[in-house]
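Only one structure is covered here, and it is reproduced in the block below.
The values are calculated or read from the model by the stated rules, or taken from the named source; none is laboratory data. Because the structure is predicted, anything quoted here is derived from the model rather than measured. Heads up, the Cβs are rebuilt from the backbone with ideal geometry, glycines too, and the neighbour counts pull from every protein chain shown.
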Amino acid sequence: MSSYKLTDFIVKIVDNQQVFNPCDEIALVVQLKVLEPVRVRGIHLKVYGQCYVYWEERRSAGDSNSTHYEGKDNFIAERKVLWGQEGYSPEEQLLPAGEYTFTEQYILPKNIPSSYEGEYGYVRYWAKAKVYRSRWKLDVTSEEAHFSINGVSDLNEYPEAQEVVIRSEQRTVCCWCCKHGSYNVVFRLDHRGFVVTGPVIVMAEIVNNTSNYLTATAYLVMKTTYKASDNERTSKVIIAEATHDSIEPDESDVWNDPILIPPETHLTNLGASTLIDVNYEIQFLLNAAGCNCDDIKFKERIILGTVPLNTTLTSSLNTATEDCSQHTPLMPPPSYAECMTPGSPHFVKQDSLPSYSDVQSYPLQQEISRT
């Protein structure tokens, strides 16, 4: 059989929907035109969800040898026979000429991560179909139909999300062996868990009993860790920040400020990722003008999710899928282009922080028609 006997072999998502939530049902349509009868072993549809990481490391800049690190987690690998026998049967059957349309409904699992594109890895979802020929001939594969997942993360499932954070410190400004007085700060977060669509409220009280000006800045930092072959690669980026005017000597300042979370921000751990960890922290920096050695800096981990604290979840699915509760995210789904665009300029390697301005599955149910 030659591939020219098969044309218009495509997989489409009904209504061209490109973004889904866990537990959603996806309607897939496979179309195929057979110009003349051919013998095939079967036609299969496959749905994939994959987390993949990869990077290289060299011991030194001039070293030509590099170590490759790679990790892969296929958390969805669902196959359905559209035509022919179950399994990869060696038996061939005659596929008559005509136009074929196969319609499938697939229910996404509950605990799957959000789509993600990063510097050293990704989380992607797609579907494709394949015509299996004899063992001595090449199989024919359709184009891939990609879609994105808008993950769900319940903040109530994190025990530490309810924690109140209170930090305090006092520092004496002492440059060139001359004391310039002292300043103190009390920093507070009412909890560690925040909805990804809402702000992070930062509270602080600062008393400046020095002869220097003080500057306070709060940063929202995203830390991404890629895991492969017993090794890790980390990148950090500042995704939001807030600051006040300088505090004059013998003056004070009070913070009760919202740090707005950018709309494209991912969930903590992408909701359910195994190879890519996404975590966040609030950094609060207090700097005395002209004397960086006497800075105060607090770092506190926070959790970003979709279901707010103290919210009771309910299921809206029928009994056939009662173990896959429908949790509707509060965040609007990102566009397909936002999920699948690689090489974001906001990602930087290791601990270098740029400024803000730089910066398992359910069975497929089949319907078939042929004309």
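Look at Val152 and say whether it is in contact with a Cys (Cβ under 6 Å, 6 or more places away or on another chain) and crowded, with 17+ Cβ neighbours inside 10 Å.
Details: in contact with a Cys (Cβ under 6 Å, 6 or more places away or on another chain): no; crowded, with 17+ Cβ neighbours inside 10 Å: yes.
No; evaluated as a whole, the condition is false for this residue.
Table: residues versus (1) at pLDDT 90 or above; (2) among the hydrophobic types (A, V, I, L, M, F, W, C); (3) more than 30 Å from Ile302 (Cβ to Cβ).
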residue	(1), (2), (3)
Gly121	yes, no, no
Ala129	yes, yes, yes
Arg135	no, no, yes
Thr141	yes, no, yes
Glu144	yes, no, yes
Ser148	yes, no, no
Asn156	yes, no, no
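For region 174-186, the criterion of a residue being farther than 30 Å from Tyr48 by Cβ, out of contact with any Asp or Glu (no Cβ under 7 Å at 6 or more places or on another chain) and either of a type in the set (Val, Ile, Thr) or in the same structural domain as Ile13 (by TED's automatic domain parsing) (or both) is satisfied by no position.
Conditions tested, residue by residue: (1) under 21 Å from Ile149 (Cα atoms); (2) part of a strand (DSSP E or B).
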{"site": "Met222", "(1), (2)": "yes, yes"}
{"site": "Glu232", "(1), (2)": "no, yes"}
{"site": "Ala272", "(1), (2)": "yes, no"}
{"site": "Gln283", "(1), (2)": "no, yes"}
{"site": "Phe298", "(1), (2)": "no, yes"}
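Please indicate, with yes or no, whether at least one residue in region 50-64 is under 31 Å from the mean Cα position of the chain (by Cα), closer than 30 Å to Leu138 by Cβ, among the hydroxyl-bearing types (Ser, Thr, Tyr) and crowded, with 17+ Cβ neighbours inside 10 Å. Yes.
A Cβ distance below 6 Å, combined with a sequence gap of six or more or placement on separate chains, defines the contacts here; from region 256-285, residues that are assigned by TED's automatic domain parsing to the domain that holds Asn74 reach no residue that is of a type outside the set (A, V, I, L, M) and part of a strand (DSSP E or B).
Does Val207 satisfy the criteria of being buried (at least 22 other Cβ atoms within 10 Å of the Cβ) and assigned by TED's automatic domain parsing to the domain that holds Ser229? No; evaluated as a whole, the condition is false for this residue. Exactly one residue out of Leu94, Leu45 is of a type in the set (A, V, I, L, M) and under 21 Å from Lys12 (Cα atoms), and it is Leu45.
Modelled with pLDDT of 95 or more, among the hydrophobic types (A, V, I, L, M, F, W, C), in the same structural domain as Phe194 (by TED's automatic domain parsing) and surrounded by 15 or more Cβ atoms within 10 Å (Cβ to Cβ), is that true of Ala216?
Values: modelled with pLDDT of 95 or more: yes; among the hydrophobic types (A, V, I, L, M, F, W, C): yes; in the same structural domain as Phe194 (by TED's automatic domain parsing): yes; surrounded by 15 or more Cβ atoms within 10 Å (Cβ to Cβ): yes.
Spelling it out, Ala216 is indeed modelled with pLDDT of 95 or more, among the hydrophobic types (A, V, I, L, M, F, W, C), in the same structural domain as Phe194 (by TED's automatic domain parsing) and surrounded by 15 or more Cβ atoms within 10 Å (Cβ to Cβ).
Checking Glu119, Glu160, Glu169, Glu99 one by one, the residue that is of a type in the set (Asp, Glu), part of a loop (DSSP other than H, G, I, E, B) and at negative phi is Glu119 and no other. For region 158-183, filtered to residues that are modelled with pLDDT of 95 or more and of a type in the set (Gly, Ala, Ser), the residue that is surrounded by the fewest Cβ atoms within 10 Å (Cβ to Cβ) is Ser168. Here His191 meets the list (1) at pLDDT 95 or above; (2) surrounded by 15 or more Cβ atoms within 10 Å (Cβ to Cβ); (3) outside any loop (DSSP other than H, G, I, E, B); (4) not basic (Lys, Arg) almost entirely, failing just condition (3).
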